Amino acid sequence: MLTGRCDRCDWRMLAGSYPEMVRAYQDHLREHHPDRWVTT
Ligand SMILES: [Zn+2]
């Protein structure tokens with residue numbers, strides 16, 4: 001399992017794969033830190 005963390009708040013999550021973690025982190029940024037959310 002991988003642990004995703006946010007350096008702007010106490011958000012953490014567990015993911016079974018790296019892409020899953022990245023996707024969850026992107027969703028978190030979009031919801032809580034939209035100024036930092038970037039699309040690639
Ligand atoms: Zn956050």
| How many of the residues making up the stretch 1-27 are assigned to a loop (DSSP other than H, G, I, E, B) and either more than 9 Å from the ligand (Cβ to nearest atom) or in contact (Cβ under 8 Å) with a residue 12 or more places away in the chain (or both)? | 7
| task | Would you tally the residues in the stretch 28-40 being assigned to a helix (DSSP H, G or I) and among the hydrophobic types (A, V, I, L, M, F, W, C)? | result | 1
| query | of a type in the set (S, T, Y) and surrounded by 12 or more Cβ atoms within 10 Å (Cβ to Cβ) - does that describe any residue in the stretch 28-40? | reply | no
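Here, each number is a calculation from the coordinates, and none is a lab measurement. Remember, it's a predicted structure, so these values are computed and weren't measured experimentally. Please note: Cβ atoms are built from the backbone with ideal geometry, for glycine as well, and neighbour counts cover all protein chains shown.
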